Structures are given as C-alpha cells and as structure tokens.
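Since the structure comes first, as structure tokens, the remarks are kept for the end.
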Amino acid sequence: MSALLQEDALRREVEELGPWFHNIDLHGVKTAPDHFLGDYPTIKWRRFAAALPQDLAGKSVLDIGCNGGFYSIEMKRRGAARVLGMDWDEAYLAQARFASKVLGLDIEYRQLSVYDVGALGERFDLVLFMGVLYHLRHPLLALDLIREHVAGDILVFQSMQRGSSAPGHFEGDYPFAETAHFDEAHYPKLHFIENRYAGDPTNWWVPNRACAEAMLRSAGFAIESHPEPEVYVCRTAARPYGAEPAYPARGKTGEPAP
C-alpha cells in the first residue's frame, strides 16, 4: 500500500472514531484539526510540560479521565514504565487505544469512574487529573479517593476556573457572627451549575483559584508549583482532620440506598 493510501485509510479511521476532543498528531494526520480551542491540548501542555520530570523511566502513571489519550501518550514518551489511562466514556477509550496503537506505544486503558479508583488496588508514582473536576457532581470526594487509594507521590491537577484569579488570603477560623469574608472575591468559591455551561450538561462545579487550591490542600496535597493558570503540580501530604473519603452504601440495581 502506498504512503498516500495509508494516510487516506488512517484519516478514515480517525473520522469513524470521531468527534475527538484531543487533537493528536498521528504521523501527520490530526485527530481534531478544527478544535475550537486550537491545537488542544498541545497548546496547554507546552505551558507546563517543563514542570514535570523529563525522565519517567521506571515510574508508573495513572491518567484519570484520559479522554483520547494525549497525556497518557506524553507520559509514555517520557519513558514511563507503565501508563494506565482510565475514562468512563468507552468512545474516548476507543480513540485512546487507536492513537496509542498507531504511535506504537504500550499503554493500558480501562473503563472506570474516578469514584472507583480504589478498585485498582495500587498506587502510582504520578497521577494526572486533568479537566475532570468540574464534570463531577462530587468533586471533593474524587480528590479524597485519589489521595486515599492511588496517589503515591505526584499529582498533576487541572481545572477550568471562573471568578477571581487572585490567591486566597483568609484566616483559619472566623467567629460565627462574622460573615463579610464570604462576599470577598478571593474567598474560596465553588460555583454550582444547575443546568448547562458552554452547552455541556456535565459541567457541574467550577472553582475560582482560591477554591481549587484550598480543595487540593484539604484533600491532602501540598502544592509545589503552579506553572500554568489552571495547572498545579502537587505532592502527597498529611490530610487535615476529617479528610477521609466517604463510601455511600448502594442498594440493589435500580433501588436507592436506604
């Protein structure tokens, strides 16, 4: 088969697996060349790539909410011994498996929710949690579960942010009658979206900067660097009082828990 025919066949397979949210370069064939954010997520990756270890030889990586596999691929390119990408959407996993196969990279992908990370039964040297928090109805629970079950050392966190971009400056406690700080723009705020945002019904909560940072600390992560406005590189740290995750009981299929 000629190179031209191979490229045409590759383009057809990319189109059949679409639409793609990750624009990945598959030997010259782009998966999302008309992305509304531009060459995404490459344009974001370039702004914080230098903040992560260049050499991941011997390290394990977990990519939570891996989507089409862009970050899993980049971690494998840095020599990670094992990369596991997980996502709840099987369509995204099919894209990720296809992209990794085309690029000749040995990456494992599993269909799992972030709430099920405890089922993995192992910790990872580096955990990626990119662009997932605001799609969750229970965002702090997700961070608690990541800290409890899978974060072994480094967490790379990214979330869309809205509201004040100023770092929060607030006391560790306030008297009951003191309420003015709740109205300050830089106080940690997690904006709740009842219906849709940007046409997406899975956008539930959007933090401001102070809230994103406070949630990370509250879940037991120490922020080491903030290389990009939405990205934080963290290390596992001691958890504050009451920071353990909750495990709601489930009833039988189709029945609410008592």
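The values are calculated or read from the model by the stated rules, or taken from the named source; none is laboratory data. Keep in mind that what you see is a predicted model, and the values were worked out from it rather than measured. Every residue, glycine among them, receives a Cβ derived from its backbone with ideal geometry; neighbour counts consider all protein chains shown. SASA here: full protein model, heavy atoms, side chains in, ligands and nucleic acids out. Shrake-Rupley method; radii C 1.70, N 1.55, O 1.52, S 1.80 Å.
For the stretch 205-215, the condition holds for at least one residue, the condition being that it is modelled with pLDDT of 95 or more, open to solvent by less than 40 Å² (accessible area, probe 1.4 Å) and part of a loop (DSSP other than H, G, I, E, B). None of LEU155, LEU128, LEU140 is in a helix (DSSP H, G or I) and either touching a residue at least 12 places away in the same chain (Cβ under 8 Å) or in contact with a Lys or Arg (Cβ under 7 Å, 6 or more places away or on another chain) (or both) except LEU140. The residue of the stretch 46-74 that is surrounded by the fewest Cβ atoms within 10 Å (Cβ to Cβ), among those that are aromatic (Phe, Trp, Tyr) and closer than 24 Å to LEU112 by Cα, is TYR71. Can GLY79 be described as surrounded by fewer than 18 Cβ atoms within 10 Å (Cβ to Cβ) and either under 14 Å from HIS22 (Cα atoms) or out of contact with any Gly (no Cβ under 6 Å at 6 or more places or on another chain) (or both)? So GLY79 passes the test. Of all residues in the stretch 100-115, those satisfying the criterion of being surrounded by 14 or more Cβ atoms within 10 Å (Cβ to Cβ) and either part of a helix (DSSP H, G or I) or among the hydrophobic types (A, V, I, L, M, F, W, C) (or both) are SER100, VAL102, LEU103, LEU105, ILE107, LEU112, VAL114, TYR115.
Residue pairs whose Cβ atoms lie under 9 Å apart, separated by 6 or more positions or on different chains, with the first residue in the stretch 22-33 and closer than 11 Å to LEU103 by Cβ and the second outside any strand (DSSP E or B) and of a type in the set (Ser, Thr, Tyr), are ILE24/THR31; ILE24/THR42; ASP25/THR31; ASP25/THR42. With the condition kept exactly as written, say whether any residue in the stretch 218-225 is closer than 30 Å to ALA119 by Cβ, buried (at least 20 other Cβ atoms within 10 Å of the Cβ), in contact (Cβ under 8 Å) with a residue 40 or more places away in the chain and touching a strand residue (DSSP E or B) at 6+ places or on another chain (Cβ under 7 Å). Scanning the stretch 218-225 turns up at least one residue that is closer than 30 Å to ALA119 by Cβ, buried (at least 20 other Cβ atoms within 10 Å of the Cβ), in contact (Cβ under 8 Å) with a residue 40 or more places away in the chain and touching a strand residue (DSSP E or B) at 6+ places or on another chain (Cβ under 7 Å). Among the residues making up the stretch 116-139, those that are in contact with a helix residue (DSSP H, G or I) (Cβ under 9 Å, 6 or more places away or on another chain) and surrounded by fewer than 18 Cβ atoms within 10 Å (Cβ to Cβ) are ASP116, GLY118, ALA119, LEU120, GLY121, GLU122, ARG123, HIS138. Assess whether LYS44 counts as being over 14 Å from the mean Cα position of the chain (by Cα), under 29 Å from ILE223 (Cα atoms) and in a helix (DSSP H, G or I). Against the criterion (over 14 Å from the mean Cα position of the chain (by Cα), under 29 Å from ILE223 (Cα atoms) and in a helix (DSSP H, G or I)), LYS44 does not qualify.
Filtered by the rule that a residue be small (Gly, Ala, Ser), farther than 17 Å from PHE48 by Cβ and within 16 Å of the chain's Cα centre (by Cα), the stretch 206-247 gives a lone residue, ALA219.
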